[in-house]
1. May I ask you to compute the full-extension gain from Ser70 to Glu280, defined as 0.36 nm times their residue separation minus their alpha-carbon distance, rounded to one decimal in nm?
2. How about segment 151-220: which trypsin sites (Lys or Arg not before Pro) there lie in a loop by DSSP and see at most 12 other Cβ atoms within 10 Å?
3. Could you give the size of the charge dipole of segment 154-292 about its Cα centre, using +1 on the Cβ of each K and R and -1 on the Cβ of each D and E, expressed in debye and rounded to the nearest 20?
4. If you filter segment 32-101 for trypsin sites (Lys or Arg not before Pro), then keep DSSP loop positions with at most 14 other Cβ within 10 Å, what is left?
5. About the Cα centre of segment 40-94, how large is the charge dipole given +1 on each Lys and Arg Cβ and -1 on each Asp and Glu Cβ? Please answer in debye to the nearest 20.
6. Given Thr146, Gln173, Ser115, which one lies farthest toward the positive end of the charge dipole of segment 76-188, if we put +1 on the Cβ of every Lys and Arg and -1 on the Cβ of every Asp and Glu?
7. Could you tell me whether segment 47-183 comes out rounded, prolate or oblate from its Cα gyration tensor? Rule is a ≥ b ≥ c as square roots of the eigenvalues, rounded for a/c under 1.5, then prolate if a/b exceeds b/c, otherwise oblate.
8. Sorted by accessible area (1.4 Å probe), largest first, how do His92, His166 line up?
Amino acid sequence: ALPSFIFSTFLLLQLLFASLPSHRTLTSAVDGSWQILQKSIGISAMHMQLLRNDRVIMFDRTDFGPSNLSLPNGKCRNDPTDTALQVDCTAHSVEYDVFANKFRALTVQTDVWCSSGAIMPEGNLFQTGCFNDGERRVRVFSPCRTCDWNEIPNGLPAKRWYASNHILPDGRQIIIGGRGQFNYEFIPKNIVANKINLPFLSETNDKGIENNLYPFVFLNVDGNLFIFANNRAILFDYVNNIVVKKYPMIPGGEPRSYPSTGSAVLLPLKNLKAAAIEAEVLVCGGAPKGSY
């Protein structure tokens, strides 16, 4: 039998807290303090990724006008399709050195608003899609002391905005969904260069509201993908494009994925030497239908 996923909502959290002797035990076990390391890095960390060299890459949308951090050496980004500034001499990405508590400006050439991405096995950050001029872009950042963003125009056959990326065992990334995209694709490209339909994404698309964006995606212990969108999930064989299993709608049926903006996490796997390893996904938050 295939290993199964167990659905858990906020009820699991309630049960965990109820099992503690008292809230006093929880608070007394916590000791620490906050420290401001930088009053400002000049940009907003809309996206943030830790790299293998303990540097943190942060980046933000380009279509809100200038940031508070200038690009070095008088460098400017020239983009006639930008909706805010066609000539922008400010940075919208930084690399933060955790141990030195220093940061340096980086250059993204296209909008990264609500894009997606993941770290490849060699350590490079592959970042995909977005809005407007960035919707088909693939952006690559390699960890090194002087590296900057490298962008691949038309690296995606489909426009990806609010999609989800997941690293696969073979070293590729799968990119699933996005606004108006009921399909998936892979990067780097192999013989399958085009998008592949995934009807589950159209089935979970609330007309005029969506609620199936940024789907929650996790690799299951059997090699298939657990994909959650809106208020239900499937177990998906991405190699053969087959839905292995359909899971029931969550209790109450309210949407959990964007724009209802819940979250999800694959909990730590237990009993790794057991004959059948069970994976558990915790889904939290969301909003009633029509809340946007």
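The values are calculated or read from the model by the stated rules, or taken from the named source; none is laboratory data. Since this is a predicted model, take the numbers as computed values, not measurements. Neighbour counts are summed over all protein chains in view; Cβ atoms, including those assigned to glycine, are modelled from backbone coordinates with ideal geometry. Note: areas computed on protein heavy atoms with side chains; ligands, DNA, RNA excluded. Shrake-Rupley method; radii C 1.70, N 1.55, O 1.52, S 1.80 Å.
1. Residue separation times 0.36 nm, minus the Cα-Cα distance, leaves 71.1 nm.
2. Lys207
3. 220
4. In loop regions of segment 32-101 (DSSP not H, G, I, E or B), the sparsely surrounded trypsin sites (Lys or Arg not before Pro) are Lys39, Arg52, Lys75.
5. Using only the charged Cβ atoms, the result is roughly 220 debye.
6. Gln173
7. oblate
8. Ranked from most to least accessible, the order is His166, His92.
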